[in-house]
Amino acid sequence: MHNDQAAGLRAMQMKNHGESKVSSARKSKPVRVIAVASGKGGVGKTNVSVNLGVGLSKLGNRVLLMDADMGLANVDIMLGLQTKYNLSHVLDGEKTLKEIMVSAPGGLRVIPAASGVKRMAQLTPMENAGIINAFSELDGILDVLIVDTAAGIADSVVSFCRASQEVVVVVTDEPASMTDAYALIKVLSREYKLNNFKLLANMARSEKHGKMLFDKFSQVCEQFLEVSIEYLGTIPFDHDLRQSIQKQSPVTIANPMSESAKAFRKIAQDIDNWPIPTGVTGYLQFFVESLFQTPSE
């Protein structure tokens with residue numbers, strides 16, 4: 001039944017996609033599409049996504065944060081949100097993305113994922129593409145789309161990284177984090193020809209320590225893989241960050257003068273100063289179309 005529903009949803013979306021393709025390309029404002037990935041879980045990736053989203057929102061951007069951890073959603077928990085609908089309702093054709101979108105602290109808008117729904121963690125590449133295709137209806141109403149991916153290298157992670165303009169990889173100073181981040185970049189570069197990544201050192205002792213992590217990691221990647229790794233920044237793990245997580249409030253809101261909040265704001269400012277997307281890759285349409293170019297084998 002679910003496959004039939006997904007197929008119906010995709011057919012409807014493809015129809016809308018075709019009808020709006022030309023007008024969308026003419027009218028759309030360039031949208032930044034940023035995937036936040038990690039390889040390993042437990043490195044604070046969702047916390048990074050949420051706080052960067054708040055930082056970018058406070059700079060005047062219309063920011064949409066999508067929880068793309070399909071089976072173990074936690075963006076809503078981080079923000080203390082009570083959500084009634086999520087991406088499973090979109091996949092089943094019951095709701096549109098606009099209908100499940102919720103307002104969150106800091107000026108964010110959030111698209112929640114399902115938690116504890118086994119089938120959502122096992123979507124096929126085409127089902128992931130069906131969800132991504134639904135984003136065509138959001139063209140023109142946002143400036144930045146942040147996609148908080150699942151941990152690991154599942155189909156959904158690969159799909160969302162491929163469909164984004166920028167991939168931010170979050171690492172911490174532990175061997176498993178570095179190894180799994182390397183594995184993710186290896187898959188994306190060798191199998192899907194993605195070769196530009198931004199590295200963010202999270203929960204680091206200091207900025208100097210974060211840069212040392214970056215130097216070590218980027219050296220290995222550029223030696224063995226044909227990729228470019230850029231340093232995005234370092235987030236220190238301070239007491240205020242720990243407290244904000246327990247309070248289910250982003251540190252950029254709960255304690256804006258903390259060292260971690262200052263670091264998030266600096267990185268958000270750097271992202272805001274990235275070159276404005278141009279051409280076809282400057283439109284949210286790119287996020288939709290790129291999933292249909294070379295489906296996963």
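Looking at Leu188, is it more than 16 Å from Gly152 (Cα to Cα) and aliphatic (A, V, I, L, M)?
Here the answer is no, as Leu188 does not meet what is asked.
Sort out for me the helices (runs of 4 or more DSSP H) sitting completely within segment 82-133 that have 1 or more residues that are touching a residue at least 12 places away in the same chain (Cβ under 8 Å) and crowded, with 23+ Cβ neighbours inside 10 Å.
Passing ranges, in order: 87-91, 125-133.
Could you please let me know if Ser49 is among the small types (Gly, Ala, Ser), at pLDDT below 90 and assigned to a helix (DSSP H, G or I)?
It is false that Ser49 is among the small types (Gly, Ala, Ser), at pLDDT below 90 and assigned to a helix (DSSP H, G or I).
Consider only pairs whose beta carbons are under 6 Å apart and that are at least six residues apart or on different chains; among these, list those whose first residue lies in segment 253-275 and is among the charged types (D, E, K, R) and at pLDDT 95 or above and whose second residue is buried (at least 18 other Cβ atoms within 10 Å of the Cβ) and not in a loop (DSSP other than H, G, I, E, B).
From segment 253-275, the pairs are Glu259/Pro236; Arg265/Gly55.
Mind listing whichever residues of segment 52-61 are in a helix (DSSP H, G or I) and not charged (D, E, K, R)?
Correct list: Leu52, Gly53, Val54, Gly55, Leu56, Ser57.
Within segment 166-186, take every residue that is among the hydroxyl-bearing types (Ser, Thr, Tyr) and touching a helix residue (DSSP H, G or I) at 6+ places or on another chain (Cβ under 9 Å) and give me the one that is surrounded by the most Cβ atoms within 10 Å (Cβ to Cβ).
Once the filter is applied, the top-ranked residue is Thr172.
Select from segment 29-49 the residues that are crowded, with 22+ Cβ neighbours inside 10 Å and in contact with a Gly (Cβ under 8 Å, 6 or more places away or on another chain) and list them in ascending order.
Selection gives Val31, Gly39.
Can you tell me which residue among Ile253, Ile271 is closer than 30 Å to Val31 by Cβ and in contact with a Leu (Cβ under 8 Å, 6 or more places away or on another chain)?
Ile271
At least 1 residues that are crowded, with 21+ Cβ neighbours inside 10 Å, aromatic (Phe, Trp, Tyr) and on the phi < 0 side of the Ramachandran plot in each: list the helices (runs of 4 or more DSSP H) lying fully within segment 187-279 that qualify.
In segment 187-279, 207-224, 259-272 are the helices (runs of 4 or more DSSP H) which contain 1 or more residues that are crowded, with 21+ Cβ neighbours inside 10 Å, aromatic (Phe, Trp, Tyr) and on the phi < 0 side of the Ramachandran plot.
Quick test of your reading of the structure: Cys221 fulfils all but one of (1) in contact (Cβ under 8 Å) with a residue 60 or more places away in the chain; (2) touching a helix residue (DSSP H, G or I) at 6+ places or on another chain (Cβ under 7 Å); (3) of a type outside the set (Val, Ile, Thr). Name the failing condition by number.
Of everything listed in (1) in contact (Cβ under 8 Å) with a residue 60 or more places away in the chain; (2) touching a helix residue (DSSP H, G or I) at 6+ places or on another chain (Cβ under 7 Å); (3) of a type outside the set (Val, Ile, Thr), Cys221 misses just condition (1).
Considering segment 58-81 alone, what residues qualify as being free of Cβ contacts under 8 Å to residues at least 60 places away in the same chain and either buried (at least 24 other Cβ atoms within 10 Å of the Cβ) or aliphatic (A, V, I, L, M) (or both)?
Hits for segment 58-81 are Ala73, Leu81.
Would segment 62-76 turn up any residue that is part of a loop (DSSP other than H, G, I, E, B) and more than 23 Å from Ala183 (Cβ to Cβ)?
Among the residues of segment 62-76, at least one is part of a loop (DSSP other than H, G, I, E, B) and more than 23 Å from Ala183 (Cβ to Cβ), which makes the answer yes.
Taking segment 149-170 on its own, how many of its residues are outside any helix (DSSP H, G or I) and out of contact with any strand residue (DSSP E or B) (no Cβ under 6 Å at 6 or more places or on another chain)?
5
The values are calculated or read from the model by the stated rules, or taken from the named source; none is laboratory data. Please read all numbers here as calculations on a predicted model, not as lab measurements. Cβ atoms come from the backbone with ideal geometry, glycine included; neighbour counts cover every protein chain shown.
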